[in-house]
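Take this structure first; my questions come after.
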Amino acid sequence: MWNELKMQWKQGGILVRLILVNAGVFVVMTTLQLLVTLSGGQPFPLDEALGLATTWNPQLLMERPWTILTHMFVHMRVWHLVINLALLYWMGRLFMIQFGSRRLLSTYIVGGLAGFVLYFVATNVFPALQQGQYAYGASAAVMAIFVAAATKEPERPIGLILLGSVPLKYVAIGFVLLDYFALSNGENMGGNLAHLGGALFGFLMVRQQRNGRDLVGWFERLLDAIISLFQSRSDSKMRMEKGGRFNRFSKKKKRTERKTSRAQSDDEFNAQKQERESRMDGILDKISKHGYDNLSKEEKAFLFNESNRG
């Protein structure tokens, strides 16, 4: 039971964290807006999102370069948040089965960046698309995940109200067409461009992966390097603390343990248990990075047996 819960947490952890970050930012932003209103102050402009929204304006972007990343976690209207997070949860679970939670995070970030690039380039090449100064939201990142899942398994049936079972590829195509047609009505043109950029990236990511090209590997390597840097500092600090404790207690007399046949039996049991747990951790890490479908038959059988162990 513990191994099953552990597997579910490792698989769903990234998805849950992405949802919590988006929801948390929304709560903070709306709370600040409420406090300003209650104090009688002037409410800040929603579109600017307290300096977290990005922009097509190169000069303004130079003053706030962090918004290239922060904009994909910001929502200022509740329905915008609800729709994005519902779609992220729906498609994110399928995506993790296909690719793993590690790739979910990298696709979210790089897909959001791809949406920004199309938004920035298109609005500067075609000034008629410059509708408002700012843009924000997770839609481009979510569309990248959505379209990638649909490209991976285009014929996968999806149950829809009124329509029944529909292949996933048609659902994805429908969402893309809605954004494309919405460009002509002059509303949220920057947002629609970003959605299309994220969708295009999700499609290309899977197609290029089939040809042996990894479009998000650079981000995962960058993330690994950052994590390794912090881990090395943490390990160094831990070694210093252990060294200090050893110096303080090195003069204490060590006790010698008596090993009986029963103790040896316990040692063997503990060794086997540790070996199983180590192998389970390796399989869970493989699922997290590459998805359940990439396990061998033997690994799937081991995972099943361990999950049902009493």
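The values are calculated or read from the model by the stated rules, or taken from the named source; none is laboratory data. Computed from a prediction, not measured in an experiment: that's the story for all the values here. Cβ atoms come from the backbone with ideal geometry, glycine included; neighbour counts cover every protein chain shown.
Residues in region 157-173: is at least one of a type in the set (Lys, Arg), buried (at least 21 other Cβ atoms within 10 Å of the Cβ) and either at negative phi or touching a strand residue (DSSP E or B) at 6+ places or on another chain (Cβ under 9 Å) (or both)?
No; the residues of region 157-173 include none that is of a type in the set (Lys, Arg), buried (at least 21 other Cβ atoms within 10 Å of the Cβ) and either at negative phi or touching a strand residue (DSSP E or B) at 6+ places or on another chain (Cβ under 9 Å) (or both).
Might you let me know whether region 88-109 holds any residue that is part of a helix (DSSP H, G or I), closer than 16 Å to ASP179 by Cβ and in contact (Cβ under 8 Å) with a residue 60 or more places away in the chain?
No: region 88-109 contains no residue that is part of a helix (DSSP H, G or I), closer than 16 Å to ASP179 by Cβ and in contact (Cβ under 8 Å) with a residue 60 or more places away in the chain.
Looking only at region 49-66, count every residue that is farther than 16 Å from GLN130 by Cβ and in contact (Cβ under 8 Å) with a residue 24 or more places away in the chain and tell me the total.
2
Checking the condition of a type outside the set (Lys, Arg), crowded, with 16+ Cβ neighbours inside 10 Å, touching a strand residue (DSSP E or B) at 6+ places or on another chain (Cβ under 7 Å) and on the phi < 0 side of the Ramachandran plot, which residue from THR123, THR55, THR151 passes?
THR55
Somewhere in region 189-201, is a residue under 20 Å from GLN131 (Cα atoms), free of Cβ contacts under 8 Å to residues at least 12 places away in the same chain and not aromatic (Phe, Trp, Tyr)?
If we filter region 189-201 for residues that are under 20 Å from GLN131 (Cα atoms), which is where we start, we get 189-198.
Narrowing the set further to residues that are free of Cβ contacts under 8 Å to residues at least 12 places away in the same chain leaves none.
No, the conditions are met nowhere in region 189-201.
Hey, another quick one. Spot the failing condition for ILE173; the list is (1) among the hydrophobic types (A, V, I, L, M, F, W, C); (2) in contact with a Phe, Trp or Tyr (Cβ under 6 Å, 6 or more places away or on another chain); (3) free of Cβ contacts under 8 Å to residues at least 24 places away in the same chain, and only one is missed.
If we test ILE173 against (1) among the hydrophobic types (A, V, I, L, M, F, W, C); (2) in contact with a Phe, Trp or Tyr (Cβ under 6 Å, 6 or more places away or on another chain); (3) free of Cβ contacts under 8 Å to residues at least 24 places away in the same chain, just (2) comes out false.
With part of a loop (DSSP other than H, G, I, E, B), surrounded by 20 or more Cβ atoms within 10 Å (Cβ to Cβ), under 23 Å from the mean Cα position of the chain (by Cα) and in the same structural domain as TRP79 (by TED's automatic domain parsing) as the only criterion, which of GLY112, GLY137 stands out?
Only one candidate passes the filter, namely GLY137.
Go over the candidates THR70, THR30, THR55, THR37 one by one and state the one that is farther than 23 Å from ASN124 by Cα, under 27 Å from the mean Cα position of the chain (by Cα) and of a type in the set (Val, Ile, Thr).
Just one listed residue meets the conditions, THR30.
Is it true that LEU69 is within 20 Å of GLU220 (Cα to Cα) and surrounded by fewer than 22 Cβ atoms within 10 Å (Cβ to Cβ)?
When the stated conditions are applied, LEU69 passes them.
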